[in-house]
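The structure under discussion appears below in the form of structure tokens.
The values are calculated or read from the model by the stated rules, or taken from the named source; none is laboratory data. Keep in mind the model is a prediction, meaning the values are calculated, not measured. Every residue, glycine as well, gets a Cβ built from its backbone with ideal geometry; the counts of neighbours run over all protein chains shown. Accessible surface areas use protein heavy atoms only, side chains included; no ligands, DNA or RNA. Shrake-Rupley method; radii C 1.70, N 1.55, O 1.52, S 1.80 Å.
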Amino acid sequence: MTMSDNNLLLVLVIIPIFSAIFVSRIPHFDMTSVRQITTTVLTVWLAFLLKCGHILFSSEQRLTWRLNYSLWLDDNVLDLSLGQIQFVLLLALWFALFSLFFLNKRITENKGLSFSVIILLLLALATLTILSSTLAVSIITANLSVCLFLFLCARHGGSEKGNAVLVSSLFFLTVDIFSIAVLFLPKSVWLVAGYYLYWIALAPALTRLLIPFFAPFSRTMFENSSITIIILYVAFIIPTGAALLFSIKNTLHLYQPAFICSPVVTILVFASSFFSALWIITEKDCRQIGLSLLVFYNAIFINFVLDPHHDASSRAAILMLFCAVICASFTLYVGQLLFWELEHELIDTTINHLWLASLALWFPLPGLGIGTALWLGYMDLFSSTLLSPALNISFWLIIFLLLITALIQNYFRHIDPQTTGRSLLGYRPRKLASLQNAWASFAVVLLLCLVSSTYFLNTGA
Amino acid sequence: MLNVPTPLLVTSVTLLISAVLCLLLEGAGVQEGFKKIGNKPHIALLTFLSIAGVALYSLSAPVSFSNPIFAFDQAAKWAIFFSCLMALFCLILSMLQSRDLRQERGEKYALLLVALLLVIVMCTLKDILYFTICVSLWTLIMMALAAFDNYHQLGSEVAAKIFIKASFLLLSMATAIAFSYLCSGSTQFASIANAINDPLNATLGKIAWSFIWILVLSFFDVAPFFWFHIDYLDGTSSYLSTAFAMGSFIPGSIILLRMIEANQIAGNASPILLNFLGFFAMLSMLIPGFMAIDQRRIARMAVYLFMLQPGLWLTLTLANANLSQATPFMFFMFLVNVAVAIPGVILGLNFLKIPAHLEMTWEDYAGAGRKHPFIITAWLISLSSLVGVPGTLGFYIRMSALKNLFLNQYFLSGIIMILSIIIGTAPVARLAVFLFAKSPHYEFSSLHPTKHTVFLFSCAVVLIATGMLPQLLWQLIAILPNHD
């Protein structure tokens, strides 16, 4: 590994920033150029990321890059570092953006110039958050990412979003600033009140991963929002939340007494999973299902990461999150097609089959979708130290049964088997021409889940 | 004999001569044969050049510590530089605002120069008597400028309010000076602080010192003493608002520093004084934020956010139990924030052309960000720096204060600091939602040509750059001559 290899990390951050500046100068009438440049930048960014991954896995050493000036806070410097976890998170981020820009080719023209500029800025900020080794810098860049995301919500998320966006921005600011402030406390205070301070420090990660559970107003924000907004949440907020979770856990590992965390983690995970399953059952909008399923598995992800008795399950957790993000992106895309079909009272069996396929990805079955990664950590999930094994297994069985019920119910809720081939429009709209891409994407998702889990099995825990 | 440091003498004489020249040119301008020389653009140019010259000289002038009344130290040099910077912003705002520069009154420039002169002198003082004289003259000038302000209907009312407050301030200062003479035979801060240690004069010394503290806090716009200043900042033209902010925030911050220094040298850093200052610091961090949320007009909301800065400086100085802990650096950063963010906000308020019958409320600004996204974003960055949004210089200053507060076990003050960021961000976030998320009701157009928006954009860039790389700016400053 040479110094130029480490500079690739900086390139991952710089490319989107300069592209955003360049794109912002393009005239409003030339949206074709904007789309082409944006997709080219995403492709080039992926190429650099894969190059970094190749170096990472071939040399088995982390890539690091350091800025020798203090950034923001006196003795913190900008320190970028790419390990396996960061690589997987960035890959998950890219696949979520892939579903947005490559499957929906007219999104740039529909949303306008500012949308593309902010997407590129979000990409730079999210990359900085994931790669940064300094916790304070990660939290600050994550906060800026949320601000930009909320700006997009307010601008493109539909009407009546102003209050939800305002309250959300203040909520995230409060959580992030208290987390940074807690890091400044002297060690003597941590020795006395470490239990409470640890959860305050963790709050930025938990809120991002379990937003509907931690922030009730978020339902208003995502309600009637377009799929674009939800996919952006999946692409940028979830990976940054996961990165913060790992970063906070590693920074504060000295203050994480083993006997303290398990009960809280277990209760948090049970409650989040149960709430998410109920949400899936009661949600009538097919566009929100993907998000609720993702939150369900996020709770399990948090359980894997935070449980101090199972340090080795971090790799299983990150692979599960990766599979969850790409499955969620696919489900959201199909959900949008289904919503459009229902809105126009157009019945297309292909979309129905796609919907079934997307829901099937979420069944906790080995070898299929999320199940390929989940089954790798199943034993860790069932062996809790708080409850007796029988009680723990019972709880999880109930929750998974609830999930399966919710998935089956959602399939039949949105599909009307009595009507076949009936169309009020009398022609085949252009949107349905992308169904072939959707099937190709489904195949890619299945393959990725299998490949990533196979790699995990081959290399071991 | 008053022994004035040479750099102070040079800057004062320069400004005084420039003011006299402005008046002479104004008088000559009406005479036949001299109209080309005495026109207003020339007067404005003379004013601009003299202020710029004083600013550059102050950065490179040697420091002087030996004087009992004046202190031309590193802090004074920066205070003078940033006062001149704000005065230049004043001039720019004045020129942007006037419809025809040739119709302007030349006396305005002379008064601005004299006001700047008084501010520069205040930045170097360690004596309450001379401070009182400077404050009274400066207040007179501000009153005159407000009363003659042709562009604002409330000018006379504002001048009357300032007169009332100034009268109270001067009466109280006279009382404080009397007590100072009684207890120490002198009006210097060091002598008064030392008098508290003398058993014979302790009571009188404490009375005098308490009076002076309240008055300086009042001059510095610390809550709850800022009410009349709110009306001045909101009720006058933009260039006068900038001049007033320059005259109260910068000298006030450095006078506070000198008083705390005098207290520490005399060994009087008692918990009572720290608690007293801490109480006002907490009030100043919270009250303006709450008031800002409640405002109808955006200009008044912005003015209340200006009032967060005195509380921030008070908290910063208290956070350093030992003044040698990074105070010079933090004072420099505080001055950058005040001198760049406040003019940036005022420039942004004057950017949009809005129908005259509107009061510039929240709804009136709806959708303006969609028409001018970059400039409105720059304006929001300046507002964000005032309240401490992450990524800006204001956030860096607050986080540095927070570290020191926790290190010195001031946990309540630390929590208040965090709450002030959140409360202050609420109106700015709400404004951002109105600017970018709502549909516009009016056809917005820019009041000024695009080239003038360079200043607004520059303010935003400086605030972001110094917020991200503050140490880099500090290293750049270190290469200046006569820099400690």
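On a per residue basis, the convex hull of the C-alpha atoms belonging to the range B:147-249 measures out at 95 Å³. Modelled this way, with points 7 Å down the Cα-to-C-beta line, the labels at B:PHE411 and A:LEU342 are 5.1 nm from one another.
For the range B:108-115, backbone phi angles converted through the Karplus equation (6.51, -1.76, 1.60; θ = phi - 60°) give residue-by-residue couplings of 4, 5, 4, 5, 5, 5, 5, 4 Hz, Gly and Pro being listed as x.
Given a 1.4 angstrom probe, I'd like the percentage of the accessible area of the range B:288-484 that is carbon and sulfur, rounded to a whole number.
Roughly 66 percent, rounded to a whole number.
Relative intensity of the range A:1-256 on a log10 scale, I(q)/I(0) at q = 0.07, 0.14 Å⁻¹, equals -0.25, -0.98, per a Debye sum over C-alpha point scatterers of equal strength in the absence of solvent.
Which residues in the range A:261-291 have a backbone N closer than 18 Å to a point placed 7 Å from the Cα of A:SER394 along the Cα-to-Cβ line? Inside the label zone: A:267, A:270-271, A:274. Please say if the range B:288-484 is rounded, prolate or oblate, where rounded means a/c under 1.5 for a ≥ b ≥ c the square roots of the C-alpha gyration tensor eigenvalues, and otherwise the choice is prolate for a/b larger than b/c and oblate otherwise? Judged from the Cα gyration tensor, the range B:288-484 comes out oblate (a/c at least 1.5, b/c at or above a/b).
The phi-based Karplus calculation (6.51 cos²θ - 1.76 cosθ + 1.60; θ = phi - 60°) puts the 3J(HN,Hα) values of the range A:44-54 at 4, 4, 4, 4, 5, 5, 5, 4, 4, x, 4 Hz, whole numbers, x for Gly and Pro.
Multiplying the sequence separation of B:ALA202 and B:LEU16 by 0.36 nm and subtracting their Cα-Cα distance, what value in nm do you get?
Contour length minus Cα-Cα distance gives 62.9 nm.
Within the accessible surface of the range A:1-256, defined with a 1.4 Å probe on protein heavy atoms only, the carbon and sulfur portion equals 62 percent. Per the Cα gyration tensor, chain B maps to an equivalent ellipsoid with semi-axes of 34, 29, 21 Å, ordered largest to smallest. For A:THR350 and A:ILE21, the FRET efficiency from 1/(1 + (r/R0)^6), where r spans their Cβ atoms and R0 equals 45 Å, is about 0.60. Taking B:ASP198, A:ASP5 and ordering them by how much accessible surface each has at a 1.4 Å probe, largest first, produces B:ASP198, A:ASP5. Per residue of peptide A:173-186, the mean number of Cβ atoms on other chains within 10 Å of the residue Cβ is 5.
In terms of distances greater than 30 angstrom between alpha carbons, the cross-link table entries B:LYS371/B:LYS403; A:LYS284/B:LYS438; A:LYS51/A:LYS111; B:LYS403/B:LYS438; A:LYS51/A:LYS187; A:LYS249/B:LYS403 yield B:LYS371/B:LYS403; A:LYS51/A:LYS111; B:LYS403/B:LYS438; A:LYS51/A:LYS187. Using a ≥ b ≥ c from the Cα gyration tensor of the range B:101-140 (square roots of the eigenvalues), is it rounded, prolate or oblate, where a/c under 1.5 gives rounded and otherwise the larger of a/b and b/c decides, a/b for prolate? The shape class here is prolate. Averaged over the residues of peptide B:427-437, the number of Cβ atoms from other protein chains lying within 10 Å of each residue's Cβ is 5.
The alpha carbon gyration tensor of the range B:238-279 gives principal lengths a ≥ b ≥ c with a/c of 1.5 or higher and a/b no greater than b/c, which makes the shape oblate. In this structure, the amide hydrogen of B:LEU125, modeled 1.01 Å from its nitrogen in the peptide plane, lies closer than 5 angstrom to those of B:ALA71, counting only residues at least 5 positions away or on a different chain. For the range B:288-484, the solvent-accessible area with a 1.4 angstrom probe is 34 square angstrom per residue. Summing both sides, the accessible surface hidden between B and A at a 1.4 Å probe radius is close to 2800 Å².
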